[in-house]
Amino acid sequence: MSRWLQKSYLFLIFTFLYAPIAVLIVFSFNDSKSTSNWSGFSLRWYAELFQDDKILSALYYTLAIALISSLISTVMGTFAAFGLSQMRGRFKGFVLGVNNLPILNPDIVTGIALMSLFVFTGTRLGFMTMLMAHITFSTPYVILSVLPKFKQLSSEMLDAALDLGATPWYAFRKVILPEIMPGIITGFLMAFTLSIDDFVISFFTTGGGVSNLSIEIYSMARRGIKPEINALSTLMFLTVLLLLFVINRRSEKGAGVVLPKTDTLERM
Amino acid sequence: MIQVNHLVKVFGEDRVVDDISFHVDSREFMTILGPSGCGKTTTLRMIGGFETPTQGDILFEGKSIIQVPPYERPVNTIFQRYALFTHLNIFENIAFGLRIKKTDENEIKRRVARMLELVNLTGFEKRAVSSLSGGQQQRIAIARALVNEPKVLLLDEPLGALDLKLRKEMQLELKYMQQDLGITFIYVTHDQEEALTMSNRIIVMNHGRIQQTGTPQDIYNEPANAFVADFIGESNLIPGVMKEDYWVEFAGRTFPCLDAGFSQNESVDVVIRPEDIDLVAPGEGLLHGVVDSALFKGVHYEMVVLVDGREWLVHSTDLAPEDSEVGLRITPDDIHIMKKSAAPVHEGAPFKEAGEAAVHA
């Protein structure tokens, strides 16, 4: 009896969580324009999606910003994690706290704060400002995923490499970098995922007609719900799901930190 | 082969290594023994090139090496926690040093195979580091160092993380390897038994200073001071007075002994090993007391005997039950007499010379 209760409770929870997405996905294949009446299977909205210039341009910006921002934040985060791993005591705790704060900070606050800063400094809102914003919010996640790798890396490992005849540069390339690489890759994937699914911060930090996919969906939705939006949202959902799956698989293999998982889910 | 001259290492305010000098001969198994924080690992790291001495010099075959970076020193190190490269398989771990030297691929294969044979892990080439037990990882660390054919191998508590049985096995294996390959070993440990078992010579360190240098027999039988006596095995340490040459007074009695050259009525420390004390019938022997506790230790019984309120530790294969009266017999060659040291741990210099003299004799 209690087993049955447990199972049905779990079922209810998952229904509650995934029913909206299921509806979204199902109606993205609907033949008619209606988002409430099913009138047959069709891929026409997906086809239309790839003929819409606005959406293709948003896709380009989304991918360009995700790629560039995750590359830059991976490099920055890795160096920061190295610095943090060398720190000791109370100051390290302080810096880690400073690092974690933006993760917990509401996106809306981060977004408006960045916008105010850009306006204050007279920077024109557009591609560059959105890129900088994405680097800003991704870097702490990279730090969190690379830091444990530096912790695992005993200082003896570097000594051992030098002892066996490796110059410091050779030891860095052949020992240190490969040992922390799993954390770096997880950090990169995480930054990439976060960038793709961000809406709030992007919304406040872009301008001049530069929109990413989530902003594009938002402005389309304001003009009325079209099945095209369903199709686009479905594709984004699947992309993020796939990336998340890869990250979690890596985390299970001990390739990085598991912590920000919940937050990534919440952001979706 | 290696000569260490007046080596000093200061970390902040702390003189971790405080003016030590010693030499290690070719093919010798030299152990640096001491409690944690005594400076033994720092000394080893200075020889390996991972720490720069504050003062002093290290000579290798007569040439100073303190300016030589670790990757150009003719020594290799076995680290406490093995420090294997987890992103490489066993073959590549062992081949690491050879690849740096751009050794021919066939030569690498041949030498790695030979090393795996030496450490009894043939067939492990493709295995991941994480799939190996602690003992196996340690063997790989040894193979990884030895494949470079170093003239001197430095070992920093290499068996510390292993369980007792495995540690004993590895002690023997290391000793055989050292003798077979004819490599000089400098071995750091806090385990006095390990040091006594494996070494040709032992350097006992405490608070950054050498307390005594000598063969295991020297160190055990003729400890240079109270610290060494206490650190190497268990011992009874009793204050005494030299009445005249060959006569020492302690525990209220005067005993014949083998020591001379002290001034009359000079205060001394007397060391008597628990296994050197003979249990005899009450009335026989110069001391007599009551057994306070008796513990079975496997090979022997460990008994605490109270003599006029002082506890004496006695090891014997015979059991004297608790509360029974016993006599203690101590013969002259069981009595080791040492100069009184106000603060034994800092009283390095005179004993060091005594120790060195004993070694060269």
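Just so you know, all these numbers are worked out from the coordinates, no wet-lab data involved. Fair warning: this is a prediction, and the values are worked out from it, not measured in the lab. When we count neighbours, we look across all protein chains shown, and the Cβ atoms used for this are built from the backbone with ideal geometry, even at glycine.
Of note:
- From phi via Karplus (6.51, -1.76, 1.60), per-residue ³J(HN,Hα) for segment B:230-241 in Hz, x at Gly/Pro: 6, 6, 8, x, 8, 7, 8, 10, 10, x, x, 9
- Listed by chain and number, the lysines whose alpha-carbon sits under 21 Å from that of B:Lys168, ignoring those within fewer than 8 places in the same chain, are B:Lys297.
- Shown for chain A: lysine pairs separated by 8 or more places, or found on different chains, whose C-alpha atoms are under 30 Å apart, numbering 18.
- The length gained by stretching the chain between B:Glu72 and B:Asp308 to full extension, at 0.36 nm per residue less their Cα-Cα distance, is 78.8 nm.
- Note on the protein assembly as shown: Cα Rg divided by 2.2 N^0.38 Å, N the number of residues, gives 1.41.
- Using distinct alpha-carbon pairs, which all enter the 1/r mean, Kirkwood radius of segment B:2-218 in Å: 17.8
- Listed by chain and number, the aspartates and glutamates whose alpha-carbon sits under 16 Å from that of B:Lys63, ignoring those within fewer than 8 places in the same chain, are B:Asp25, B:Glu72.
- A dipole drawn for segment B:2-218 from +1 and -1 charges on Cβ atoms has a positive end, and of B:Thr103, B:Ile66, B:Gln212 the residue lying farthest that way is B:Thr103.
- Checking every one of the chymotrypsin sites (Phe, Trp or Tyr not before Pro) in segment B:213-320 against DSSP loop status and a limit of 14 other Cβ atoms within 10 Å picks out B:Tyr246.
- Rounded tilt (10° steps) of B:105-118 against the dominant C-alpha axis of chain B: 20
- Spacing of the modelled spin labels on A:Val75 and B:Leu166, each 7 Å from Cα toward Cβ, amounts to 4.4 nm.
- Computed label-point distance, nm, for sites A:Leu235 and A:Ser154 using a 7 Å Cα→Cβ extension: 5.1
- Antiparallel bridges, percent of DSSP beta bridges restricted to segment B:2-218 (to nearest 5): 55
- Helix A:2-28 vs. chain A, principal-axis angle (Cα, 0 to 90°, nearest 10): 70
- Each residue of segment A:142-159 was assigned a 3J(HN,Hα) from its phi angle through the Karplus curve 6.51 cos²θ - 1.76 cosθ + 1.60 (θ = phi - 60°); the sequence is 4, 4, 5, 8, 8, 3, x, 5, 5, 5, 5, 6, 6, 5, 5, 4, 5, 4 Hz, with glycine and proline shown as x.
- Within-12-Å neighbourhood charge of B:Asp276 [Cβ basis; K, R +1; D, E -1]: -3
- Inter-probe distance in nm under a simple model that places probes 7 Å from Cα toward Cβ, at B:Val299 and B:Arg329: 2.3
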